[in-house]
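What follows is a short report on a single structure.
The values are calculated or read from the model by the stated rules, or taken from the named source; none is laboratory data. Given the structure is predicted, the values throughout are model-derived calculations rather than measurements. Neighbour counts run over all protein chains shown; Cβ positions are idealised from the backbone, glycine included.
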Amino acid sequence: MSENLKNIDIIYRKELGDYSRPAPNEVWSNIEMELNQSKKKSYLSFYKFAAAIISLTLIGSVYLYLNKNGNIENIPVAEIQSRNEIVSIPERAEKLVLSEKEVQISSEEKIETKVNNSESLAENKEEVKAENKEFLLIADERNTRDYDKLDKLESYPIFMIVEKKDIKIIDNRKAKVKSLINSIPDINSNLALDNFSDKPIQNKNKWALGGEFSPLYSYRHITESVHESDKELFNDVENPVMSYSGGLNFQYKAMERLTVQFGVYYSTMGQALDYMSIYENSAFSLVPEENKDRYITEYSLDNSTGGIIFSSEYVFVDDRAERVSNLTNSKSQVDISNPVFNNLDAEIEQSFQYIEVPFLLRYKFIDKLIDVNFVGGIGANFLIGNNVFIDYGDGKENIGHTEGVRDVNYNGTIGLGFEYPLMKRINIRFEPSIKYYLNEINPTSQVESHPYSLGFYTGINYSF
């Protein structure tokens, strides 16, 4: 059995020697497809080869054309002229300016070359000479023109135009810095620094002179009292009065929005004493002059700003309290029901006149067509007048003064200022403000009283 297996291939050959089986159709289709692809590849290879040959031919032609001998004898005269028109002046001076000798030498060499190459054509020699003579004339004329242009070119002056530019240098450390750099035209193109300054620009119109006037609402504020009843009484029987203030001021613009103001003002302050009846003694005008002293009485009148001492022929009666004291004992008994006494429709008014020297700061927080300023500061008030008047309505009569009033008082000021420009340097101002005395006006009074005023200042400023 093992022998038979060894010879199994012989058995198969004997049995299947003449057997054959046709190949499947798919096999022949694949073979045909492969044959077609090989044909296509051969066609593509041929096209690539042809394109390479054509490209090399074009590149070679261009190279030969660009590297062709460029001697002037091989270039037509018309082409030389066209080239000379295109080439710039420096290139003409360097390449295309030919001397007469060079043109003759090149022309003779060209003639000899033609004669040696064509000895059998002697009749053409005359034509060649005539052609070269014409060429020499054209070249000589062209050469002469080029020399003339070169001479003109050398005679032209050369100008160096250097623009002067302003270069701004900005220093970020300051809001306003103006710098100037000037360019100096020199052969080395150096730059020089001129008029440089790191100082901020100074605004014009730093100073202003103004004048203003205001009616005042004048009264006082009682802060402390020995007896609370005295504070309530004075607040009940005393009234504010209308006074006025006006003067000149100077202003200095220290910063963009900050202005310092100082000046000199005249101002009045005071109050009215209400619930006081004043009677006139009609017999006073009938007695002889030497007997009138008998009808003059000395009084004292207490109020929140101090005691008033005065002498008068009138009779004063307090309708609400015992503020009035008759200092003349012999005249203490007065019968006001007697027809000789006439009731005057009048009131007593205290008045204090001051020279005020304010020092104010003005901060502009709205800078528009109408400027709005916040105003604040202090002032010193120097007493120059201390009077007590009887106000009849159509006139006043001075009857005395207030005892113990300070000669110098200090006030604080707060206000809001509005400014509108009338002209280039002239502004109109409207400024409501409050002034309050920082110290009590009279240290001897039984209450601590601080005068204050509310004003609406109106004025004009002139800037310079």
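Considering only strands (runs of 3 or more DSSP E) fully contained in region 259-373, which possess at least 2 residues that are among the charged types (D, E, K, R)?
It comes to 347-366.
Conditions: (1) over 23 Å from G211 (Cα atoms); (2) in contact (Cβ under 8 Å) with a residue 60 or more places away in the chain; (3) in a strand (DSSP E or B). N386 meets all but one. Number of the miss?
Unmet condition: (2).
Could we say that G400 is closer than 26 Å to G211 by Cα and surrounded by 14 or more Cβ atoms within 10 Å (Cβ to Cβ) here?
Considered against the rule, which asks whether it is closer than 26 Å to G211 by Cα and surrounded by 14 or more Cβ atoms within 10 Å (Cβ to Cβ), G400 comes out as no.
Can you find, within region 294-307, the residue that is farthest from Y219 (Cα to Cα) among those that are at pLDDT 85 or above and over 60 Å from the mean Cα position of the chain (by Cα)?
For region 294-307, the residue satisfying everything is I296.
Which residue out of L369, L360, L344 is closer than 14 Å to I278 by Cα and in the same structural domain as N303 (by TED's automatic domain parsing)?
Unique residue meeting the criteria: L344.
Go through region 244-258 residue by residue and tally those that are in a strand (DSSP E or B) and surrounded by fewer than 19 Cβ atoms within 10 Å (Cβ to Cβ).
Within region 244-258, residues that are in a strand (DSSP E or B) and surrounded by fewer than 19 Cβ atoms within 10 Å (Cβ to Cβ) number 7.
Looking at S277, S229, can you tell me which residue is surrounded by fewer than 14 Cβ atoms within 10 Å (Cβ to Cβ), more than 30 Å from P421 (Cβ to Cβ) and at pLDDT below 95?
Only one candidate qualifies: S229.
What is the number of the single condition among (1) closer than 30 Å to L344 by Cα; (2) at pLDDT below 95; (3) part of a strand (DSSP E or B) that E224 does not meet?
(1)
Tell me, yes or no, whether region 239-250 has at least one residue that is in the same structural domain as L416 (by TED's automatic domain parsing), closer than 28 Å to V357 by Cβ and touching a Lys or Arg at 6+ places or on another chain (Cβ under 6 Å).
For region 239-250, residues in the same structural domain as L416 (by TED's automatic domain parsing), closer than 28 Å to V357 by Cβ and touching a Lys or Arg at 6+ places or on another chain (Cβ under 6 Å): absent.
Applying the selection to region 286-305, what residues are out of contact with any helix residue (DSSP H, G or I) (no Cβ under 6 Å at 6 or more places or on another chain) and farther than 20 Å from K396 by Cβ?
Answer for region 286-305, where residues must be out of contact with any helix residue (DSSP H, G or I) (no Cβ under 6 Å at 6 or more places or on another chain) and farther than 20 Å from K396 by Cβ: L286, V287, P288, E289, E290, N291, K292, D293, R294, E298, S300, D302.
Could you list, in sequence order, all residues of region 398-441 that are of a type in the set (V, I, T) and either outside the structural domain of I366 (by TED's automatic domain parsing) or in a strand (DSSP E or B) (or both)?
I399, T402, V408, T413, I414, I426, I428, I434
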